[in-house]
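To start, the structure itself, in structure tokens.
The values are calculated or read from the model by the stated rules, or taken from the named source; none is laboratory data. Not measured: the values here are computed from a predicted model. With ideal geometry, Cβ positions are generated from the backbone for all residues, glycine too; neighbour counts draw on all protein chains shown.
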């Protein structure tokens, strides 16, 4: 956390689009330095694959630490974290389904807490550490939970899957020996229309066992 | 040149005769004794890693440079004339790039005599105008600045009201679709009722179900000059391409439709949507890419539904259980535009009965339009029929399962010349399911609950569906010089596992590892034609085409291997990565080595789906058994166990097939117990256009589901020996649950969903009886 703060102090208020692009580049570079091998920085070119939204006059600068990479970004106060992740940062793994906190498809982890990113304003996440589905795999290797999802066919259309994985990863991070009821409770806020719940339960329990 | 023959194909109950080629290359049936290394094995999805890491790109995830965001302004009234649309304030809003409506675009015909932006709105949610803006938030702001002048008209949202002469008319010819009911009759029901020892009448009702796909309907449209590329969340890329080209009056080869990953379809994404055309129009007007994904509220409101039904059923039966007559009069809520509605098929097909009559009304109402919904018609009809069969069997004092076995049909009686079923093992499914739920000792279950506050019961129901598939469907198999393989087919994977099954079939036929096959689907420009993914037809339609294409490619490669092995190509076979001489398997060449020999002499295998067999009706069957507990104080129904026994011929992949069955049961539980669209009759406004109040099943609602798969090959259906499974598990589940509730409390609930209020009202007003 101290790393984020020290970089945050250097943040400059409202940025033009051109300056913003430059700032993101710097942010990524500094993240690489700060994390020394623990977290991998994304290449700057990828970060900038999507141009930031034009025409918004009221951008507020915030600093997000997403999956180990720092992003300094201007956001409108009304933008949700889900929208910023998907549209501004191009991390589309996080899904928006109900857009009102009913279904859990947008679930991410913020500062070790599970949140619905569609119900969370991005400005409220300033200086937060965010973990999304894109950051769950450990380097190139799938997280045991992700592998268990594949092995147990715990996904059909896959649209609820990122949210399910985040909710259950959070469970396993905090409760290495969950019972079936713990698993059900942990994903009770994640709707799956294909009805793949039984396999999700199996996957979570199998992953827990393998991670011990 | 292949020979053209006529063949019969069925899609969601509609039967048609088409011209088809017979493939030159013969691929003999994979029978029960075929030694298969990959097909029929529980293989994890080949694209699972993309789906669990967030790497899979759905239409909603497409981000293009300078892309704009579209939103649609929808009618606030169930029936109104749109007199004017004033968008000047919206256009002044910074970030808004275009506003379109009926007043500044050329009309595009839609739903027969309607249009893209119709100046008469016929439901709350009809399209009135659309905007493109730099982000979703600005687009939403713009909608609020558009001023629409409506002249409201009288409306009707209840289908029974709509049938009355005094009801407001949606269309000049009245509210009954086609002006008359759709009638089917075989034998004579009056004769059948005269022959009966007992004639029983009942009325059943089902609610409006919403598909509630997690990925809303939507498209991304992008023009390069006169060439349009569209990403669409669709079950039918070629349907969309051709309809979109027609709507825009451009040739089909100027339109490319792509669907890679999609977040659910369930029948609601089988056709071109207005949102796609609107995205294309906005993209053309702004000369920028436009993404238009519907909001959750719009999606629930106006992208289709399983229509509500009213089913009056009259059955004649003899004391020994013989059915003498079945009569159905049904009313089906079609919605404001022609959508297709009816529920009579199970009545006509499921049981042996000489005298059957169905009279079905589809009715226009000022609500969202009906669309196919995972086993359209059959889900509603099977609830009515199978509830009725329970009532009848209890009235004559016969076990419900014995009664169904007594009236077992072995031919498709609904056909003009009834054909035998290609494979009907329903009797075995009955036995297996009954054993698993302990059917013959179900009194134990009934008495095991706390008798005063909680009661338990067991119920069952049967299912028939098509799912045999058929032509046309095409595939290409390309062998690269490193021995890796590309399979191309213009079908779609909705999350059902189509891509995995296609990979399995290609790898099996080529005799190589699954990892060496890459499958590309859902692209009208790169893939040959395949039909829409619906009717549980995809695997059985596309699968044999893929197999033939793989066989074609393999035979081409054998010519290079034959030179190397100094034998004739026809002496060769391939398996597990090796091409070998059949008479001397030691004499072999690695598949990859043969591919290297071929070098850049491109090997392209072409395959297409051959005709369906003459003389058989291709159907799928299942039997469900449910055990429930009813809380007598709250009226809440809990499903404790659900046994789902199915046979669709060879299961191509038992792992994904089991997922289909479990998912079908879980969706049906929502249909049986909690899901329903609610419309305020006074305003015509739908009240629960979200997920919380629509109430699909959650993780906490799911009981133990016990699928049973019979794996016996259907030797007649196609060269793979298997049929579809997507829809069958949705069909009998709700009826089995409803029958279990009646068994538990001795009172029958005749209307879905079986919510606590209905249970409590029934408990208050009825006397329990075992003859319900």
Failed criterion for residue B:384 (all others in (1) touching a residue at least 60 places away in the same chain (Cβ under 8 Å); (2) farther than 30 Å from residue B:637 by Cα hold):
(2)
Matching entry among B:373, B:333, B:362 (being assigned to a loop (DSSP other than H, G, I, E, B) and crowded, with 24+ Cβ neighbours inside 10 Å):
B:373
Given B:637, B:665, B:628, B:643, which one is under 30 Å from residue B:158 (Cα atoms), more than 10 Å from chain A (Cβ to nearest Cβ) and touching a strand residue (DSSP E or B) at 6+ places or on another chain (Cβ under 7 Å)?
B:637
Inside segment B:276-300, can you point out the residues that are closer than 28 Å to residue B:336 by Cα and within 14 Å of chain A (Cβ to nearest Cβ)?
B:291, B:293, B:294, B:295, B:296, B:297, B:298, B:299, B:300
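Here are A:41, A:57, A:49: which of them is at pLDDT below 80 and away from every other protein chain (no Cβ under 11 Å)?
A:41
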I'd like to check something: does segment B:616-629 contain any residue that is in a loop (DSSP other than H, G, I, E, B) and closer than 29 Å to residue B:390 by Cα?
yes
Whether any residue in segment B:167-182 is buried (at least 24 other Cβ atoms within 10 Å of the Cβ) and part of a helix (DSSP H, G or I) is what I want to check.
no
Single unsatisfied condition, residue B:338 versus (1) in contact with a helix residue (DSSP H, G or I) (Cβ under 9 Å, 6 or more places away or on another chain); (2) within 30 Å of residue A:95 (Cα to Cα)
(2)
Those residues of segment B:19-34 which are loosely packed, with under 14 Cβ neighbours inside 10 Å and outside any loop (DSSP other than H, G, I, E, B) amount to B:19
Going by the conditions given, is residue B:83 modelled with pLDDT under 95 and either surrounded by fewer than 15 Cβ atoms within 10 Å (Cβ to Cβ) or under 30 Å from residue B:468 (Cα atoms) (or both)?
no
State all residues of segment B:689-745 that are within 10 Å of chain A (Cβ to nearest Cβ), in a loop (DSSP other than H, G, I, E, B), touching a residue at least 40 places away in the same chain (Cβ under 8 Å) and under 21 Å from the mean Cα position of the chain (by Cα); if no residue qualifies, say none.
B:691, B:694, B:696
